[in-house]
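Throughout, read-outs are computed from the coordinates displayed, never taken from laboratory work. Computed from a predicted structure; not experimentally measured. Please note: Cβ atoms are built from the backbone with ideal geometry, for glycine as well, and neighbour counts cover all protein chains shown.
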Amino acid sequence: MQIDYQLLEKSKQKQPITSVKGVSFGSIRTNHMFVMNYEDNEWKNPRIVPYGPFSIAPGAICLHYAQEIFEGAKAYMHSDGELRLFRMDKNAERFNHSAAELMMPEVPVELHLEAAMRLIDVERDWCPNEPESSLYIRPFMFGTQDSLGVKISNSYIFCIMVSPCGPYYPGGFSKTIRLLITEKFHRAVSGGTGTAKCGGNYAGSLKPAAYAQKMGADQVLYLDANNRFIEEVGTTNHYHVLKDGTFIIPQFSDSILKSITSRSVLELADMGKVKARNERIGIDDFIAGVKSGEIIEAGGFGTAAVISPVGSYVFDNGEVITVGNGEVGQYSKDLYKLYTDIQTGKTPAPAGWLQTVPRY
Ligand SMILES: Cc1ncc(COP(=O)(O)O)c(C=O)c1O
């Protein structure tokens, strides 16, 4: 499909920022975005246009019934001055999984990737060139049909925007977070929308996250609806590390978002670069493991931070348990270094993990 360019004149463009130091995640906007429309059962009018508001009907289905999905990926500036996408084909595939869950049309993976690369090429000066910084890529899609009846929208907007972001841990990850283990809230249930990256899942996570904060925690570690197994954290998958250095990631189920970071760690394990497994974890066994010292480290896996190390857990009754000595462990530090070195080109990436953004 021919992508139309409707670019701002140079003189009307904002200048790219020169440093992302101290900039909060996702707060910066660039000059352009990619947009296309779905109507009459097909994608139409793919274009790169100045970043700005959409015009949608007040009755648009996304505003009432949350028919909306999104993704989050990153491009990195490598030392040769080229921009490389990190596994964004996996994001585009997961986007279509989310689309299927929400009865939305697929976006062909090739078109999704070309749209992202053409937009990034236009905005390439916005990609930070500081250690571990990146250009965050946010594709999203929402139903626009004007209807107050609950139904599948017959029209959609697909958009990609980008935002320069700094290293998640400017000083290295020296601080651990605390998670709340609660039986009061659940993120998703079997048969629900947990595997989709849809806005509704995140709207529903705001109240539990506020409760977690009231309990002195940074986020919630969600259990399955029967409070027996560990599922995931509000914005990341979960992992723990056994004494022998093996990373254990809860078995992917139909209520867990299949993290690309977790899957990449499991693939690195298949390549012999790290020890990791995906397995069902009973919450009682987990707590016993933390208390006995069998579990020595824990944390979250996700695109934004790669690794969010966990130092302790708090329960609904206020009891706190500490993992290891509560500090960031060596296995987590080593994996963080390996992973970010792959992303930034300091160590060779497995075949197909990086895709160079062409100069169109
Ligand atoms: C609920 C949830 N789980 C897990 C993840 C991590 O997924 P990924 O590694 O693909 O970013 C995210 C973030 O995208 C998330 O929002």
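For this structure, a couple of remarks:
- Dipole magnitude (debye, nearest 20) for the chain, charges at Cβ of Lys, Arg, Asp, Glu: 700 debye
- Farthest positive-ward along the chain dipole, Cα basis, beta-carbon charges - from P250, G299, P131: P131
- Proximal lysines relative to K90, as straight alpha-carbon distance under 24 Å, when same-chain residues fewer than 8 apart are discounted: K44, K74, K197, K258, K273, K275, K337, K346
- For region 177-343, the square roots of the Cα gyration tensor eigenvalues, ordered a ≥ b ≥ c, give a/c of at least 1.5 with a/b no greater than b/c, which places it in the oblate category.
- When you count the other C-beta atoms within 10 angstrom of each residue and take the mean per peptide, 226-237, 33-44 line up highest first as 226-237, 33-44.
- Other residues with beta-carbon under 13 Å from the beta-carbon of V109 carry, at +1 per Lys or Arg and -1 per Asp or Glu, a net charge of -3.
- Principal-axis tilt of helix 260-270 within the chain, Cα atoms, nearest 10 degrees: 60 degrees
- Rh by Kirkwood over Cα pairs, then Stokes-Einstein D for the chain at 1.567 mPa s and 4 °C, µm²/s: 60 µm²/s
- Options V323, A288, T356, ranked by Cα towards positive dipole end of region 286-360, top entry (Cβ charges): T356
- Counting only lysines at least 8 places from K184 when in the same chain, those with an alpha carbon closer than 22 Å to its own are K207, K214.
- Relative packing of peptides 286-299, 134-147 - highest average C-beta neighbours within 10 Å first: 134-147, 286-299
- Relative contact order, whole percent, for the chain stands at 18, derived from Cα pairs under 8 Å and 6 or more residues apart.
- Electrostatic bookkeeping for T18 treats Lys and Arg as +1 and Asp and Glu as -1; over the other residues with beta carbon under 12 Å from its beta carbon, the sum is -1.
- The residue among Q145, Y313, G22 whose Cα reaches farthest toward the positive pole of the charge dipole of the chain, with charges on the beta-carbon of Lys, Arg, Asp and Glu, is G22.
- Sum of side-chain charges, L338 neighbourhood, beta-carbon under 12 Å (Lys, Arg +1; Asp, Glu -1): +2
- As a length-normalised measure over Cα pairs under 8 Å and 6 or more apart, the relative contact order of region 177-343 settles at 24 percent.
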